[in-house]
1. For the range 28-72, what does the accessible surface come to per residue with a 1.4 Å probe? Please give it in Å².
2. Of the listed values (1) 13.7, 48; (2) 16.0, 53; (3) 10.9, 34, grab the one calculated as Rg and Dmax of the Cα atoms in Å from the structure here.
3. Could you work out what % of the accessible surface of the chain is carbon and sulfur, using a 1.4 angstrom probe and leaving DNA, RNA and ligands out of the count?
4. Using R₀ = 22 Å, calculate the FRET efficiency as 1/(1 + (r/R₀)^6) where r is the Cβ-Cβ separation of ALA26 and SER59; round to 0.05.
5. From the phi of every residue in the range 36-47, what ³J(HN,Hα) in whole Hz does the Karplus formula 6.51 cos²θ - 1.76 cosθ + 1.60 yield, where θ is phi - 60° and glycine or proline is x?
6. Given the Cα-Cα distance of ILE3 and GLU52 and 0.36 nm per residue of separation, how much length would full extension add, in nm?
Amino acid sequence: MEILDVRGLSCPLPVLKVKKSLDKGATDLRVIGSAQVAFENVTRFARSQGLEINVLSHSPHEWEIELKRTGR
(Lines give C-alpha, C1' and ligand atoms only; values in the text may rest on other atoms or scores of the structure.)
Protein backbone atom coordinates (compact mmCIF):
# COMPACT_ATOMS: atom_id res chain seq x y z
CA MET A 1 0.00 0.00 0.00
CA GLU A 2 1.36 3.37 -1.03
CA ILE A 3 1.28 6.14 1.59
CA LEU A 4 0.75 9.75 0.52
CA ASP A 5 1.40 12.48 3.07
CA VAL A 6 -0.40 15.62 1.93
CA ARG A 7 -0.36 17.40 5.29
CA GLY A 8 0.12 21.12 4.91
CA LEU A 9 -0.63 21.12 1.17
CA SER A 10 -3.31 23.38 -0.27
CA CYS A 11 -5.79 22.24 -2.88
CA PRO A 12 -5.57 21.19 -5.59
CA LEU A 13 -2.21 19.56 -4.71
CA PRO A 14 -3.61 16.73 -2.54
CA VAL A 15 -6.03 15.68 -5.28
CA LEU A 16 -3.33 15.94 -7.94
CA LYS A 17 -0.99 13.73 -5.88
CA VAL A 18 -3.73 11.11 -5.47
CA LYS A 19 -4.50 11.24 -9.19
CA LYS A 20 -0.82 10.90 -10.09
CA SER A 21 -0.45 7.80 -7.90
CA LEU A 22 -3.56 6.24 -9.41
CA ASP A 23 -2.37 7.05 -12.93
CA LYS A 24 0.89 5.24 -12.15
CA GLY A 25 -1.12 2.12 -11.30
CA ALA A 26 -1.60 2.30 -7.54
CA THR A 27 -4.55 0.22 -6.39
CA ASP A 28 -4.39 0.89 -2.64
CA LEU A 29 -3.49 4.25 -1.15
CA ARG A 30 -3.31 5.55 2.38
CA VAL A 31 -3.62 9.34 2.37
CA ILE A 32 -2.75 11.46 5.42
CA GLY A 33 -3.77 15.10 5.41
CA SER A 34 -4.45 18.08 7.62
CA ALA A 35 -6.86 20.44 5.84
CA GLN A 36 -10.60 19.82 5.93
CA VAL A 37 -10.96 21.16 2.37
CA ALA A 38 -8.37 18.64 1.18
CA PHE A 39 -10.30 15.83 2.91
CA GLU A 40 -13.50 16.86 1.15
CA ASN A 41 -11.82 17.24 -2.24
CA VAL A 42 -9.84 13.98 -2.04
CA THR A 43 -12.89 11.96 -0.99
CA ARG A 44 -15.02 13.63 -3.68
CA PHE A 45 -12.40 12.81 -6.31
CA ALA A 46 -12.11 9.22 -5.04
CA ARG A 47 -15.89 8.75 -5.31
CA SER A 48 -15.85 10.13 -8.85
CA GLN A 49 -13.23 7.49 -9.73
CA GLY A 50 -15.25 4.65 -8.21
CA LEU A 51 -12.78 4.05 -5.37
CA GLU A 52 -13.72 2.51 -2.05
CA ILE A 53 -13.09 4.99 0.79
CA ASN A 54 -12.30 3.93 4.33
CA VAL A 55 -11.89 6.78 6.86
CA LEU A 56 -9.34 5.60 9.42
CA SER A 57 -9.31 8.81 11.47
CA HIS A 58 -10.72 12.29 11.16
CA SER A 59 -10.16 15.18 13.53
CA PRO A 60 -10.09 18.95 13.04
CA HIS A 61 -6.30 18.90 12.55
CA GLU A 62 -5.53 15.62 10.80
CA TRP A 63 -7.21 12.87 8.84
CA GLU A 64 -6.23 9.53 7.36
CA ILE A 65 -8.08 7.55 4.71
CA GLU A 66 -7.56 4.42 2.65
CA LEU A 67 -8.55 4.41 -1.00
CA LYS A 68 -8.96 1.13 -2.88
CA ARG A 69 -9.81 0.33 -6.44
CA THR A 70 -12.80 -1.96 -6.67
CA GLY A 71 -13.14 -4.64 -9.31
CA ARG A 72 -13.73 -2.72 -12.50
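1. Normalised by residue count, the accessible surface of the range 28-72 is 57 Å².
2. Only one listed value fits the structure, namely (3).
3. Answer for the chain: carbon and sulfur cover 50 percent of the accessible area.
4. Calculated value: 0.30.
5. 4, 4, 5, 4, 4, 6, 5, 5, 5, 4, 4, 4
6. 16.1 nm
The values are calculated or read from the model by the stated rules, or taken from the named source; none is laboratory data. Just so it is clear, the structure is predicted and the values come from calculations on it, not from any experiment. Backbone-built Cβ (ideal geometry, glycine too); neighbour counts: all protein chains shown. Side chains included, ligands, DNA and RNA excluded: accessible areas come from the protein's heavy atoms. Shrake-Rupley method; radii C 1.70, N 1.55, O 1.52, S 1.80 Å.
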